Structure formats: C-alpha cells, structure tokens
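The values are calculated or read from the model by the stated rules, or taken from the named source; none is laboratory data. This structure is a prediction, so every number in the text was calculated from the model and none was measured. Cβ placement follows ideal geometry from the backbone for every residue including glycine, while neighbour counts extend to all protein chains displayed.
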Amino acid sequence: MENTPTSPTRWAVRGVIGLVVLFLIILLWPFASIGAGHRGVVTIYGKVQDTVLGEGLHIINPVSNVHEISLQTQSIDMEKGTGNTGAGGNTLSAASKDLQDVNIDVVVTYHIPESMVKEVYQQYQGLDQFQTNKLSPIVREAVKSVSAQYTAEELVTKRQEVSDKIDVTIRAKFNELNTVAESFKIVNLAFSQSFTQAIEAKATAVQDAEAAKNKLVQIQYEADQTVATAKAQAEAIQIQAQAINSQGGADYVQLQAIKAWDGHLPTQMIPGSTVPFINLSK
C-alpha cells in the first residue's frame, strides 16, 4: 500500500486540537503563584485543606482557592500618625504609679512560623485580624500593666528598665500564641502639660540650688585665700620687726633710711619740722 503525505490541512487540524486541549487543561487545572516569604492556604468550598503551598508556581484544583499568609516580619505601630495601630486609637494611654496620665508610643515587630499559617487563616481569615484581635491587645495590656509599676518620673529615668520588662511580658504572651516577638521599642513618652511644667520647674530649682552651692563653695574658697594671705603678711611683718629689733631697733631703721637717701634736702619745709635723718639735738 502506498503511503500518502500528510496534507497541510491535517496538520492545521491537529494544531487546533492541541491548542484546545491545552486551553482546557489550563482552564480545568489552574495555577497558583506564591510569593517569597509567604505560604498558601488552600480551601475547597470554604474547607481548609491539609496542603500548604510553598513559594513558587503550583497547579491546583480548579474548584479550590488559595489564600496567601506572610511569614515575614510584621509591625505593630502604636504611634501617632502611623495609621497602623489596630483597635483602640493611634497611641497608648496609660497611668503611672503616682496616677499621672502618660501617652506611650511603641513599636513591636513579630512574625508567625509556618505551623501557624492554617490556624491564622481558619480563626482570623488572615494576619490583619489576628494582629487586631489578639496581638495588639496583648501589647496594650503589657504596656499599661508595667507602666503602672513606676512613677511618672521613673518612667523617664528608668526608661530602659521599663522597656525591657514590657518586652519580656510581650514575648511570653506572644509565645503562648505560637508567635515570635522580635523586638519592642518605646518611641516616645508624653505627659500632661501640667506635669511637664512641674518637672521643668523642679529641674530648674535643682539647677539653681546646685549653682548656689557652687557659688558658696567659691566664696568660701576666696575667703580662705584672703585669710591665708593676711596671715602670711602678718607673719612676714612680725619676722621683719624681729629682725629690726635684733639689729638695734630705731637706730637700725634710721641707718637704713640714710642709706636709701639720695643726698638732696627738701626745697620746702614745714615750720617746726626737721631735716629727715638728721637729729640736730645731738
């Protein structure tokens, strides 16, 4: 039997059939792409499947849905103006041990391990709700409970100690939720205006007192120096007097004056006065 060459029409038909089959495969077996640092939770008609998709491209069941959950570092920013604070406003309001109101801006970083991916989706539908409903309240409670153990002044002077204690509390609570707390930082402390003014007044009073103390020390030092100088001068005079008396007293003084005289008599004399260094009675 003689073989006949395949006609171009037959190749065209086969090409069309191949494209249709490929299209049907893509349509019936769709793909899912998972980004770096994320995992994919697969659901079929709302039921979470056992398989968690890793990074990269995956062929999935056409009737399934994939929900990405991040394993990367997340931030809870309870600061004014950040807009990323969870429930309860944009800053933390707390009370110190001495019942002073204080606003505390804090930042917490954390991440969830891969073992938490399915639970986070099943219970909270994602990280946003998990952070808002579970993690942010923990941060708030930790900050409030620890700050209540310190006076307002101590919150400033022992800021690092306060921060460390809050950090330990948050890490323990996050660990109970199988969540890793990476860092905690107090960004700012703000007190009421009246308290701030009182602190400034106290600081000014302390500075003034220290300045007055230093001035007193300086005055005492100068007085001691004056006394020492006067004492030294008195002792010098006493030594000179003793030396003069040992050399003949008044005669010695007159002799020393004659030695210092330049030999000129005064051009004018007060009536009844005598020529210096000359005793006319002798």
ask   = Among the numbered criteria (1) surrounded by 10 or more Cβ atoms within 10 Å (Cβ to Cβ); (2) modelled with pLDDT of 75 or more; (3) under 30 Å from ASP101 (Cα atoms); (4) of a type outside the set (Asp, Glu), which single criterion is violated by ALA209?
value = (2)
ask   = Of the residues LEU135, LEU127, LEU92, which is crowded, with 16+ Cβ neighbours inside 10 Å and modelled with pLDDT under 90?
value = LEU92
inquiry  = So, restricting to helices (runs of 4 or more DSSP H) that lie completely within the stretch 93-174, which ones have at least 2 residues that are charged (D, E, K, R) and under 30 Å from GLN49 (Cβ atoms)?
reply    = 117-124
remark   = Flagged in the stretch 111-132 as under 19 Å from GLU182 (Cα atoms) and in contact with a helix residue (DSSP H, G or I) (Cβ under 9 Å, 6 or more places away or on another chain), in numbering order, are ILE112, MET116, VAL120, LEU127, PHE130, GLN131, THR132
task = Mind listing just one residue for me: the one in the stretch 138-158 that is crowded, with 22+ Cβ neighbours inside 10 Å and small (Gly, Ala, Ser) and, of those, modelled with the lowest pLDDT?
result = ALA152
